[in-house]
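A short write-up of the structure that comes next.
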Amino acid sequence: MHDSTEGIGAGGGEVVARDAAAAKPVQILVVDDHPVVREGLVGIISRHQEYAICGEAATIEGALDQARTKKPDLVLVDLLLKGQDGLELVRRLHRLNRSMPILVISIQDEELYAERALRAGASGYIMKDAVTENILSAIETLREGGVFLSKAMTGRIVRKYVDTKHDGEPELSQLTDRELHVFQQIALGLKMREIAEAMGLSVKTIETFRENIKKKLGIRSASELVRFAANWASIHGIDQKSDSEATPPPGVLPPPGGETSGP
């Protein structure tokens, strides 16, 4: 009799535990180096009781520390983190917990970065100007074990693997992830020493990356590369604003009541 009572009690405890787990909000870590963008994402997500923000970070080191201590169910990651390589963060987060979905939210060109992000371990990619419209469905898709991309990017990937020809591929697609990151930093106007410091590498290593980039793009001189990169940045709407000057891209709204008043 005693054993039977214990069995009922244990079973009831398991049911309660399952119910409590089901009611627990999805814990989300937000990684972006612009405070106003983080506030916007937090504002959008916090309106829904099934989600909760368990932490925020602005750097690779901060994100990894938060991931280890807070153990989020899902991570939102920007690719531009104070000069650091966001793709490297995606790789390290994926190695840390392969079952933890990673959603990249970036202003970076989807055609150039989405596939790289998926290869690094991400499960989805959203352009920042589509955040308000797609963020919740993207999170839900990742939570269900799916992959979230725009319809255009999904079609492009399907065509790429169906077709045998790849005419019209962006010329930057031939760069490695590290080379692409260096190119991006050049486009932002950073000098070799600044890029080296941000990436934790020697100036000589960064110069080697630059030479490889020039060869692959058919560019003869460093000054020509700077002009080409600056033009690329202009076309893709990437500027050189500091964090204090940054404003959220279209679609990333500040949280309710968080707007700053004008002069």
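Annotations
- Residue that is surrounded by the fewest Cβ atoms within 10 Å (Cβ to Cβ) [pool: residues in the stretch 54-112 that are closer than 25 Å to Ala187 by Cα and polar (S, T, N, Q)]: Thr59
- Residue in the stretch 152-169 that is modelled with pLDDT of 90 or more, touching a strand residue (DSSP E or B) at 6+ places or on another chain (Cβ under 8 Å) and not β-branched (Val, Ile, Thr) present: no
- Only a single criterion out of (1) closer than 21 Å to Pro35 by Cβ; (2) in a helix (DSSP H, G or I) is not satisfied by Glu88, namely (1).
- Restricting attention to the stretch 91-117, the residues that are more than 11 Å from the chain's Cα centre (by Cα) and either part of a loop (DSSP other than H, G, I, E, B) or of a type in the set (Phe, Trp, Tyr) (or both) total 6.
- Condition check for Ile28: at pLDDT 95 or above, β-branched (Val, Ile, Thr), within 23 Å of His94 (Cβ to Cβ) and over 14 Å from the mean Cα position of the chain (by Cα): no
Yes/no per residue for (1) aliphatic (A, V, I, L, M); (2) outside any strand (DSSP E or B):
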position: Val36; (1), (2): yes, yes
position: Val42; (1), (2): yes, yes
position: Ile45; (1), (2): yes, yes
position: His48; (1), (2): no, yes
position: Ala52; (1), (2): yes, no
position: Asp65; (1), (2): no, yes
position: Arg68; (1), (2): no, yes
position: Val75; (1), (2): yes, no
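- No other residue among Gly237, Gly218, Gly189, Gly251 is on the phi > 0 side of the Ramachandran plot, surrounded by 13 or more Cβ atoms within 10 Å (Cβ to Cβ) and either modelled with pLDDT of 85 or more or out of contact with any strand residue (DSSP E or B) (no Cβ under 9 Å at 6 or more places or on another chain) (or both) apart from Gly189.
- Selected residue [at pLDDT below 90 and touching a strand residue (DSSP E or B) at 6+ places or on another chain (Cβ under 9 Å)] from Asp109, Asp65, Asp33: Asp109
The values are calculated or read from the model by the stated rules, or taken from the named source; none is laboratory data. Note that the structure is a prediction, hence the values are computed from the model and not measured. All Cβ positions, even for glycine, are placed from backbone atoms using ideal geometry, and neighbour counts span all protein chains on display.
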